[in-house]
Amino acid sequence: MRIAVVLWIFAVMAALPFPAEAKAAPLEEIRRILLSEALEPPPPAVLESLEEAGLQAFLKQFDPYARYFPARDYQSPVSGREAWIGIGAELVERDGEIHLSVYRGGAADMAGIPDRSKLLEVDGRSVAGLGAQAVASLLRGEEDTVVRLVLTRPGGERLDVGIVREAFKPLDVEPVPPGDRQILRIREFVAGMTRPALQATIDFLARRGAAKDGPLIIDLRDAMGGDLYEAFDMAGMFLPAGTLLGTIQGRGEEVREVRTSSGEKYRMPLALIVGPDTASSAEIFAGALHQQGRATLVGRRTYGKCSSQTDARLSDGSVLRYTNRDVLLPGGGSCSGAGLVPDREVSDAELLDLARLVRVVDDILAGK
Amino acid sequence: MNRQTVVLMMLVAGLLGGCASGDQDPRSGGLLGGISGLSSGAYENRVKEREARLQQLRATQSQLDAEKGQLEAQKSTAQAQLDKDQARVKAMQSEIAALDKKTKSLAAMEGTDKQAVADLQKRVSDLKGKMNRQASSLDDLEGSGLGDEDLDLRRTQLEKQRDALRKEYELLMKMQMELAQ
């Protein structure tokens with residue numbers, strides 16, 4: 001489980017019109033949409049029992065990814081991130097331990113906290129036994145305030161550090177040290193934004209001396225999804241024009257094949273690091289490249305969600321998210337429920353150690 | 001020996017002792033060290049040495065001044081580039097606003113494909129959001145705490161994203177014109 005330690009600045013939200021008062025959910029509209037468009041609609045008789053109270057639980061019963069957002073709580077997943085105030089890290093919860101996934105250039109990075117450090121205390125309070133949500137609320141605070149953390153580095157050394165919470169906007173694609181290698185981290189697939197950012201970053205590193213034909217490693221351990229077509233477009237950067245990337249099918253719709261388009265192509269060896277948080281669009285990106293024999297997967301089995309959701313704006317400005325399509329990978333199978341199995345599986349501990357993962361990738365690419 | 005002769009001999013011995021010390025640093029020669037330095041020419045050497053050091057310092061200073069000038073020039077080039085980028089984004093925001101207006105008027109027209117217009121409206125609205133994000137990202141580059149390399153990278157990413165948004169704008173413009181016909 002992963003959670004962003006951020007407080008979103010609702011700049012975009014503020015610009016969206018929404019009712020001043022909380023209104024009742026437009027149940028009739030929700031019933032109609034689910035009945036006509038959901039991939040697996042609830043039976044009509046059951047839909048009739050839909051009520052305002054327990055709406056989220058009702059939706060989850062039929063579609064684990066369905067959700068209702070009152071107008072003021074909604075932020076479009078295609079708009080990308082604005083900026084946040086925080087320590088510039090996300091929490092990764094693994095076997096009851098909390099680790100930090102540190103953003104390049106954020107406050108935690110600037111304070112010298114290595115990625116995947118284990119969090120022990122926040123402002124003198126032990127985080128033992130606390131879930132990610134509870135720890136996140138301990139970490140949140142006003143801009144320019146200090147939070148004191150006790151951590152252990154991946155090597156085991158203890159670290160006691162004060163971090164000033166600050167406004168921060170992460171890079172859309174982050175180069176990960178060592179900088180002379182092409183190791184990039186992608187955390188989300190934002191429509192129309194992540195692909196150009198990936199291209200720009202690869203070209204930037206090449207200008208800075210990275211070997212153009214040297215292996216490219218993309219770290220998808222923290223990539224929980226985003227826009228489906230962005231994922232396909234990004235996979236297309238590494239495959240010849242016309243290659244099958246997958247198929248999409250909605251209820252009662254014809255199966256639609258998605259193939260790569262022409263454009264700039266990258267031919268360097270490609271390895272993707274995946275883990276249990278790698279989900280949805282990230283799995284589709286990884287799955288398409290893997291099944292077309294273009295990328296090696298290293299890490300742990302992925303989450304297992306190869307379906308697509310859509311956000312329907314309702315008449316009162318609220319939004320209904322529901323699953324409307326299934327996505328099949330080039331081999332014809334879905335990753336839903338099963339996840340992607342890496343070519344080389346590592347232990348949970350190894351998954352936290354990027355240097356070790358890079359060595360595994362190097363061994364595979366060297367044929368060891 | 002009378003008392004005067006003894007004092008003179010002691011002074012001569014002292015001077016000779018100073019000369020024989022071999023220590024050319026006037027500061028470490030004891031009471032008469034400075035005098036001995038003067039008499040041996042080491043003081044002139046010391047002055048020359050100091051002048052050489054001063055010259056070295058002046059050279060380092062002018063090198064630092066040159067580097068500062070270079071950095072300031074780089075900074076002003078970067079600022080000029082940023083100003084240019086901001087102007088481009090502003091121009092694109094105006095173009096998208098005009099497209100948004102046209103799309104809205106299209107929605108009010110009789111006989112247009114309502115679903116197609118609604119889809120177009122959604123895409124224009126997404127594009128508008130992304131351009132606003134570009135604008136705020138560029139604003140953030142001013143006075144950002146990011147290191148130089150990360151700033152360069154962010155600028156490169158933004159530039160590539162802007163090219164992609166420009167393509168999306170051109171496509172939507174074409175769609176809008178087709179729908180209007």
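Scanning region A:21-43 for residues that are more than 17 Å from A:ASN324 (Cα to Cα) and assigned to a helix (DSSP H, G or I) yields A:LEU27, A:GLU28. Can you tell me which residues in region A:83-126 are in contact with a Pro (Cβ under 6 Å, 6 or more places away or on another chain) and crowded, with 20+ Cβ neighbours inside 10 Å? Passing the criteria: only A:TYR103.
Within region B:69-94, being among the β-branched types (Val, Ile, Thr) and under 25 Å from B:LYS130 (Cβ atoms) holds for one residue alone: B:VAL89.
Of the residues screened, B:ASP152 is not one that is touching an Asp or Glu at 6+ places or on another chain (Cβ under 9 Å) and at pLDDT 85 or above. Kindly establish whether A:ILE217 is buried (at least 18 other Cβ atoms within 10 Å of the Cβ), modelled with pLDDT of 95 or more, on the phi < 0 side of the Ramachandran plot and not in a helix (DSSP H, G or I). Yes; evaluated as a whole, the condition is true for this residue. The set of residues in region A:91-136 that are away from chain B (no Cβ under 14 Å), among the basic types (Lys, Arg) and touching a Leu at 6+ places or on another chain (Cβ under 7 Å) comprises A:ARG116, A:LYS118, A:ARG125.
Condition (residue is in contact with a Phe, Trp or Tyr (Cβ under 6 Å, 6 or more places away or on another chain), crowded, with 22+ Cβ neighbours inside 10 Å and within 14 Å of chain B (Cβ to nearest Cβ)) applied to region A:233-243: is it met by at least one residue? Within region A:233-243, one or more residues are in contact with a Phe, Trp or Tyr (Cβ under 6 Å, 6 or more places away or on another chain), crowded, with 22+ Cβ neighbours inside 10 Å and within 14 Å of chain B (Cβ to nearest Cβ).
Of all the listed residues (B:LEU151, B:LEU179), the sole one being assigned to a helix (DSSP H, G or I) and within 13 Å of chain A (Cβ to nearest Cβ) is B:LEU151.
Any residue at all in region A:345-354 that is among the small types (Gly, Ala, Ser) and either under 29 Å from A:PRO70 (Cβ atoms) or free of Cβ contacts under 8 Å to residues at least 12 places away in the same chain (or both)?
Residues of region A:345-354 among the small types (Gly, Ala, Ser): A:347, A:349.
From the residues that got through so far, the ones that are either under 29 Å from A:PRO70 (Cβ atoms) or free of Cβ contacts under 8 Å to residues at least 12 places away in the same chain (or both) too are A:347, A:349.
Looking for residues that are among the small types (Gly, Ala, Ser) and either under 29 Å from A:PRO70 (Cβ atoms) or free of Cβ contacts under 8 Å to residues at least 12 places away in the same chain (or both), one finds at least one in region A:345-354, hence yes.
Just checking, how many residues over region B:128-138 are at the interface with another protein chain (Cβ under 8 Å from one of its Cβ atoms) and farther than 20 Å from B:ASP152 by Cβ?
Residues meeting the conditions: 3.
The C-beta contact set for region A:50-63 (first residue of a type in the set (S, T, N, Q), second residue buried (at least 18 other Cβ atoms within 10 Å of the Cβ), distance under 7 angstrom, 6+ apart or interchain) comprises A:GLN56/A:ARG67; A:GLN56/A:TYR68. When region A:147-173 is filtered for residues that are closer than 27 Å to B:SER137 by Cβ, surrounded by fewer than 19 Cβ atoms within 10 Å (Cβ to Cβ) and among the hydrophobic types (A, V, I, L, M, F, W, C), the ones remaining, listed by number, are A:VAL164, A:ALA167.
For beta carbons closer than 6 Å, sequence separation of 6+ or different chains, a first residue in region B:100-122 that is more than 22 Å from A:LEU314 (Cβ to Cβ) and a second that is polar (S, T, N, Q) and assigned to a helix (DSSP H, G or I), the qualifying pairs are B:LYS102/B:GLN176.
Evaluating A:VAL161 against the criteria (1) more than 14 Å from chain B (Cβ to nearest Cβ); (2) within 26 Å of A:GLN309 (Cβ to Cβ) leaves one unmet condition, (2). Could you look through region A:250-293, keep only residues that are hydrophobic (A, V, I, L, M, F, W, C) and over 23 Å from the mean Cα position of the chain (by Cα), and pick out the one that is surrounded by the most Cβ atoms within 10 Å (Cβ to Cβ)? Applying the filter and picking the extreme gives A:MET268.
Looking only at residues in region A:164-181 that are among the β-branched types (Val, Ile, Thr) and either more than 18 Å from A:TYR266 (Cα to Cα) or part of a helix (DSSP H, G or I) (or both), which one is farthest from the other protein chains (Cβ to nearest Cβ)? Write out each step before concluding.
Residues of region A:164-181 among the β-branched types (Val, Ile, Thr): A:164, A:173, A:176.
Narrowing further to those that are either more than 18 Å from A:TYR266 (Cα to Cα) or part of a helix (DSSP H, G or I) (or both): A:164, A:176.
Values: A:VAL164: 10, A:VAL176: 12 Å.
The residue in question is A:VAL176.
Could you identify the single residue in A:LEU198, A:LEU184 that is within 14 Å of chain B (Cβ to nearest Cβ) and part of a strand (DSSP E or B)?
Details: A:LEU198 fails: part of a strand (DSSP E or B).
Answer to the selection: A:LEU184.
The values are calculated or read from the model by the stated rules, or taken from the named source; none is laboratory data. Everything numeric here is computed off the predicted structure, so don't read it as measured data. Positions of Cβ are generated from backbone atoms using ideal geometry, with glycine treated the same way; all protein chains shown enter the neighbour counts.
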